Amino acid sequence: MNIAINVDKMVDFLVGLLNTPSPTGYTDEAISYVQKAFTDFPFTTTVTPKGLLVGTWEGERDDAPRAITAHVDTLGAMVREIKKNGRLRMTQLGGWIWTSVEGEGVTIFASNGRQYRGSILPTTASIHAHTRQEHQATRDDTNMEVRIDARTNSEAETRALGIRVGDVIAFDPRVEVTDTGFIRSRHLDDKASVATIYGALLALTEAGLRPKQQTTIHISNYEEVGHGAATGFPPDLSDLLTVDMAVVAPKQESDEFSVTICAKDSAGPYHMGFRRELEELAKQHGIPYKTDIYPYYGSDGEAYWRAGGNVRVGLIGPGVDASHHYERTHRDALKHTAELIAAYLLS
């Protein structure tokens with residue numbers, strides 16, 4: 001390609017987005033962050049009533065309009081119960097393993113507008129006060145709780161803080177960018193993909209180019225609960241390119257240094273013709289890529305299909321290790337994903 005991806009700017013954008021809490025249902029601040037960054041591009045964006053971000057970049061042609069989507073909402077929790085000891089019982093936002101958040105720091109967004117810090121702990125956290133059998137119990141919502149960093153030892157004292165059932169709990173991302181090019185953080189799913197869209201749009205803008213086809217840029221906010229991209233697109237689309245993390249794990253093809261093109265996930269195959277075109281684009285431009293299958297995974301592209309979208313849907317994304325846990329990717333995966341997005345926009 002005759003354009004270059006500014007990886008440093010893309011990573012800077014990603015770090016800022018990762019440090020902006022956005023559990024599903026509490027995404028306004030993250031959407032605002034993305035919208036502000038997108039003001040550098042030659043199209044305007046709007047926030048829909050559902051809270052997602054959408055804008056259209058006029059292309060050289062408009063006979064086969066396209067869209068690109070990624071999601072800004074992340075895993076998190078919500079207050080389910082204020083316990084008699086003043087601590088909080090949680091209900092999940094999105095799908096995560098209880099052991100993956102044990103010991104994690106959190107922010108509680110109270111109903112009165114205040115924010116409180118806290119930690120997620122098992123009810124039997126103290127090794128000096130409980131038996132080995134208690135320590136080894138399966139973790140679930142009945143024996144995990146949030147310890148609030150405030151003087152509270154009763155339900156009444158916690159309620160006096162302004163905390164109520166339904167208040168959102170955000171997990172600390174713990175972002176670290178290493179000198180070896182790795183990015184470690186919670187919520188790389190799917191903020192890493194939003195960053196690659198930013199990187200591709202920035203590269204086209206700085207090169208004075210525009211997409212071959214009219215393109216809708218769509219940042220959804222309910223993907224983790226299954227209906228993020230069910231709406232928000234114009235009716236005349238031909239293609240929807242979904243950008244979401246690729247699964248790096250044993251028995252997977254994906255790695256942390258390539259862009260992955262997904263052939264199939266838990267809902268079945270993506271559009272074969274579209275997938276082959278993406279693979280050919282990667283070959284033509286020398287972009288390192290993998291083709292992979294994700295057995296326990298769903299995407300916003302499928303949400304649009306289920307909502308009746310009569311379009312070709314493809315899925316690509318940067319390789320992310322330990323999905324829905326303390327995740328990791330590499331600058332190279334971000335770079336190559338942004339390159340493939342840019343190549344697609346210009347094709």
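Assorted remarks:
- Residues located in region 13-34, provided they are of a type in the set (Phe, Trp, Tyr) and part of a loop (DSSP other than H, G, I, E, B): Tyr26
Okay, residues lined up against (1) assigned to a loop (DSSP other than H, G, I, E, B); (2) aromatic (Phe, Trp, Tyr); (3) modelled with pLDDT under 95; (4) touching a helix residue (DSSP H, G or I) at 6+ places or on another chain (Cβ under 8 Å):
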site	(1), (2), (3), (4)
Gly113	yes, no, no, no
Ser119	no, no, no, no
Ala129	yes, no, yes, no
Gln133	no, no, yes, no
Gly162	yes, no, no, no
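- Here Lys283 fulfils each of the conditions (1) touching a strand residue (DSSP E or B) at 6+ places or on another chain (Cβ under 7 Å); (2) over 25 Å from Gly228 (Cβ atoms) apart from (1).
- Qualifying residue in region 151-165 (condition: charged (D, E, K, R), within 30 Å of Arg89 (Cα to Cα) and crowded, with 21+ Cβ neighbours inside 10 Å): no
- Residue check for Met10: in a helix (DSSP H, G or I) and either basic (Lys, Arg) or in contact (Cβ under 8 Å) with a residue 60 or more places away in the chain (or both): yes
- Entry remark, region 250-269: residues being touching a Gly at 6+ places or on another chain (Cβ under 7 Å) and charged (D, E, K, R) number 3 in total.
- Tally of residues being of a type in the set (A, V, I, L, M) and part of a strand (DSSP E or B) across region 290-341: 5
- Residue in region 22-36 that is among the charged types (D, E, K, R), within 16 Å of the chain's Cα centre (by Cα) and either surrounded by fewer than 17 Cβ atoms within 10 Å (Cβ to Cβ) or not assigned by TED's automatic domain parsing to the domain that holds Ala333 (or both) present: yes
Results for (1) without any contact (Cβ under 8 Å) to a residue 60 or more places away in the chain; (2) under 28 Å from Thr178 (Cα atoms); (3) out of contact with any Leu (no Cβ under 9 Å at 6 or more places or on another chain), shown as yes or no for each residue.
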| position | (1), (2), (3) |
| --- | --- |
| Asp239 | no, no, yes |
| Ser254 | no, yes, yes |
| Thr260 | yes, yes, no |
| Tyr270 | yes, no, no |
| Ile341 | no, yes, no |
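- Of the strands (runs of 3 or more DSSP E) contained entirely in region 221-273, not one carries at least 1 residues that are in the same structural domain as Gly94 (by TED's automatic domain parsing) and within 27 Å of Asp62 (Cα to Cα).
- Residue within region 35-58 that is of a type in the set (Gly, Ala, Ser), assigned to a loop (DSSP other than H, G, I, E, B) and touching a Pro at 6+ places or on another chain (Cβ under 9 Å) present: no
- If you go through region 55-103 and keep only what is over 28 Å from Val243 (Cα atoms) and among the charged types (D, E, K, R), you end up with Arg80, Glu81, Lys83, Lys84, Arg87, Arg89, Glu102.
The values are calculated or read from the model by the stated rules, or taken from the named source; none is laboratory data. None of these values were measured; they are calculated from a predicted model. Positions of Cβ are generated from backbone atoms using ideal geometry, with glycine treated the same way; all protein chains shown enter the neighbour counts.
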